């Protein structure tokens with residue numbers, strides 16, 4: 001209430017709506033975020049931030065800007081998997097999506113990793129250059145094969 005220009009009467013309506021559970025708290029949080037971003041930047045920035053939030057966090061779509069990593073797939077090829085099999089744990093470490101191969105293997109085992117929208121179920125998998133890797137809900141990377 002101290003950092004916005006929202007009238008006191010409207011703030012009181014917000015409080016009452018929360019108290020009697022007639023207002024969704026997320027709606028109020030989004031409104032507050034929009035007000036603060038508008039004051040610090042402008043209306044356009046607030047709208048863009050809100051659209052990004054809805055698209056990436058609520059609808060769980062892939063963000064438009066994803067860090068890109070150029071990696072030699074040959075260095076990640078697993079000898080056990082044969083031609084084209086990439087060691088996903090090494091790939092996650094190479095992109096910074098996991099700090100160690102042990103962490104990467106845990107992420108894979110618990111279903112916390114997806115490549116091109118498909119959950120990774122094996123430590124070894126074929127990957128195409130340009131594939132998007134997702135770890136958890138919010139961490140993404142695009143991998144480009146430098147061997148071509």
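Quick note: the coordinates plus some simple rules give every number you see, no bench work behind them. Remember, it's a predicted structure, so these values are computed and weren't measured experimentally.
Relative to the longest principal axis of the Cα atoms of the chain, the long axis of helix 25-40 makes an angle of roughly 90 degrees.
The helix-only estimate of mean residue ellipticity at 222 nm for the chain, built from DSSP H runs of length n ≥ 4 each weighted as -39500 (n - 2.57), is -12000 deg cm²/dmol after division by the residue total. Out of [x] 22.1, 71; [y] 24.7, 75; [z] 21.5, 68, which label holds the value of Rg and Dmax of the Cα atoms in Å that was computed here? Identified label for the calculated read-out: [z].
Considering only beta bridges that DSSP places wholly inside the stretch 68-145, some 75 percent are antiparallel. Relative to the longest principal axis of the Cα atoms of the chain, helix 8-19 runs at roughly 60 degrees. Of all beta bridges that DSSP places with both ends in the chain, some 75 percent have antiparallel geometry. Relative to the longest principal axis of the Cα atoms of the chain, the long axis of helix 43-53 lies at roughly 50 degrees.
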